[in-house]
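Novice: Before I ask anything, here is the structure I am working with.
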Amino acid sequence: MTTPLPPTAMNIVAGAASTSLKTVLITGVSRGLGKALALELASRGHTVIGCSRSPEKLSALQTELASASDGRSNADKHIFMNVDVRSNRSVEELARAVVEKKAIPDIIVNNAGTINGNNKLWEVPEDEFDTVIDTNIKGTANVLRNFIPVMIENKHGIIVNMSSGWGRSAAAQVAPYCASKWAVEGLTRSVAKELPPGIAVVALNPGVINTDMLQSCFGTSASLYPTPESWAPRAATLILHLTVADNGAPLTV
Ligand SMILES: NC(=O)c1ccc[n+]([C@@H]2O[C@H](COP(=O)([O-])OP(=O)(O)OC[C@H]3O[C@@H](n4cnc5c(N)ncnc54)[C@H](OP(=O)(O)O)[C@@H]3O)[C@@H](O)[C@H]2O)c1
């Protein structure tokens, strides 16, 4: 089920790039890295299309962006929708809404993700394994399936698939998550070979950042790592400077 939220006014120009302002679609903006990245990009003047499964948190983010805009209006700039990336139909509705609003993304960040609770593989419940695969791999594929044709039509676009250090190495207790992120790396490099000129896809390891996800696997030690707010400026700059020459690259923030 995909429920559009009313768009909000937003017009922050302070710190905006003097060159082109982008429309950036980010999945999973209700908290963690996705939320911090959305706030950072909006503060630079870019337009954010955000989604997650938590309409209350999306509304709160809209309010935060509107109050940050200090009354300067630019109605309909940001778009937030309640989307479950595990559902192709839900992502399809997002793509339809974006096309209708003529808000074709220049950049897509496939950020929505989840991790299994720490456990040996044979002790991870089947439904938890499924949720990790359905979100991290199939969710990413659902976004690619629905948005690559839109980008091809628009003749340009950069796609960032959020990977992990655990998409390039192995760790005990998180085998389902590692498997899903290795899959994201393979999916990314393969799709890169299929894209026409003008479109690129990269896999991005964001580093190790103190979010709900990190607290799930690291416990209290998660607090030793950087906050999403300190991560976001570096990530935003890297993402905004990606070009088609990066197609297929495994990158790290
Ligand atoms: N934090 C790190 O150190 C780290 C390291 C390596 C990679 N990563 C990757 O970075 C990305 C963000 O991680 P994070 O640490 O910010 O995680 P997080 O704090 O747990 O946030 C995950 C985000 O994904 C959304 N989400 C989860 N399932 C979804 C679904 N089915 N449909 C739509 N949205 C969904 C959540 O929103 P709702 O629950 O509201 O739907 C939330 O906004 C993930 O892909 C993760 O694997 C993080």
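What follows draws every value from the coordinates through simple rules; no lab data is involved. All values derive from a computational prediction rather than experimental measurement. A quick note on method: Cβ atoms are made from the backbone with ideal geometry, for glycine too, and the neighbour counts reach across all protein chains shown.
Novice: In angstroms, what radius of gyration and Dmax does region 121-161 have, counting Cα atoms only?
Specialist: When restricted to Cα atoms, region 121-161 yields Rg and Dmax of 14.6, 46 Å.
Novice: Ok, one more. Which value results when the Cα radius of gyration for region 50-130 is divided by 2.2 N^0.38 Å?
Specialist: Working: Rg = 16.8 Å, N = 81, 2.2 N^0.38 = 11.7 Å.
Against the compact-globule rule of thumb, the ratio is 1.43.
Novice: Above 16 Å lies some portion of the pair distances; for region 78-117, what is it as a whole percent of all C-alpha pairs?
Specialist: Of the Cα pairs, 41 percent sit more than 16 Å apart.
Novice: Taking R0 as 51 Å, what FRET efficiency do you get between I152 and N118 from their Cβ-Cβ distance, rounded to the nearest 0.05?
Specialist: That pair, I152 with N118, gives E of 0.80.
Novice: Could you calculate the FRET efficiency of L21 with V99 from 1/(1 + (r/R0)^6), where r is the beta carbon distance between them and R0 is 22 Å, rounded to 0.05?
Specialist: With R0 = 22 Å, the Cβ-Cβ based efficiency is 0.65.
Novice: Compute the acute angle (0 to 90°) between the alpha-carbon long axis of helix 32-43 and the principal axis of greatest extent of the alpha-carbon atoms of the chain; round to the nearest 10°.
Specialist: Between helix and principal axis, roughly 20 degrees.
Novice: For G28, what charge total do you get from the other residues with a beta carbon under 10 Å from its beta carbon, if Lys and Arg give +1 and Asp and Glu give -1?
Specialist: My count for the surroundings of G28 gives +3.
Novice: Over all directions, the average projected area of the alpha-carbon convex hull for region 121-226 comes to how many nm²?
Specialist: 7.5 nm²
Novice: On to the next question. Tally Lys/Arg at +1 and Asp/Glu at -1 over every other residue whose Cβ is under 13 Å from the Cβ of T227; what's the total?
Specialist: On the way: positive: R31, K35, R234; negative: E40, D212, E229.
Computed value for this residue: 0.
Novice: Stretched out fully, how many nm does the piece from S169 to E56 gain, at 0.36 nm a residue minus the Cα gap?
Specialist: Working: separation 113, 0.36 × 113 = 40.68 nm, distance 3.57 nm.
Residue separation times 0.36 nm, minus the Cα-Cα distance, leaves 37.1 nm.
Novice: Fewest to most neighbouring Cβ within 10 Å: what's the order for Y177, Y225?
Specialist: Y225, Y177
Novice: Using a 10 Å cut-off on Cβ atoms, rank the peptides 46-52, 135-141 from the highest mean neighbour count down.
Specialist: Details: 46-52: 25.4, 135-141: 22.4.
Answer by packing, highest mean first, reads 46-52, 135-141.
Novice: Give the angle, between 0 and 90 degrees and rounded to the nearest 10, that separates the Cα long axis of helix 175-192 from the longest principal axis of the Cα atoms of the chain.
Specialist: Tilt relative to the chain: about 50 degrees.
Novice: Which angle between 0 and 90 degrees, to the nearest 10, do you get for helix 228-240 versus the longest principal axis of the chain when only C-alpha atoms count?
Specialist: Roughly 70 degrees between the two axes.
Novice: If the chain were replaced by its equivalent ellipsoid, with semi-axes equal to the square roots of 5 times the Cα gyration tensor eigenvalues, what would those be, largest first, whole Å? All intermediate terms of the calculation are to be shown ahead of the outcome.
Specialist: On the way: eigenvalues 148, 85, 65 Å².
Calculated on Cα positions only, the semi-axes equal 27, 21, 18 Å.
Novice: Once all Cα-Cα distances of region 178-253 are split into 5 Å bins that start at 0, what whole-number percent is in each one?
Specialist: In order of increasing distance, the bins hold 3, 15, 19, 19, 18, 14, 8, 3, 1, 0 percent.
Novice: Using only DSSP helix segments of four residues or longer, with each worth -39500 (n - 2.57), what per-residue ellipticity at 222 nm results for the chain after dividing by its residue count and rounding to 500?
Specialist: After summing the helix terms and dividing by the residues of the chain, the value is -12500 deg cm²/dmol.
Novice: Something else now. Using only alpha carbon pairs under 8 Å that are at least six residues apart, calculate the relative contact order of region 97-253 and give it in whole percent.
Specialist: 25 percent
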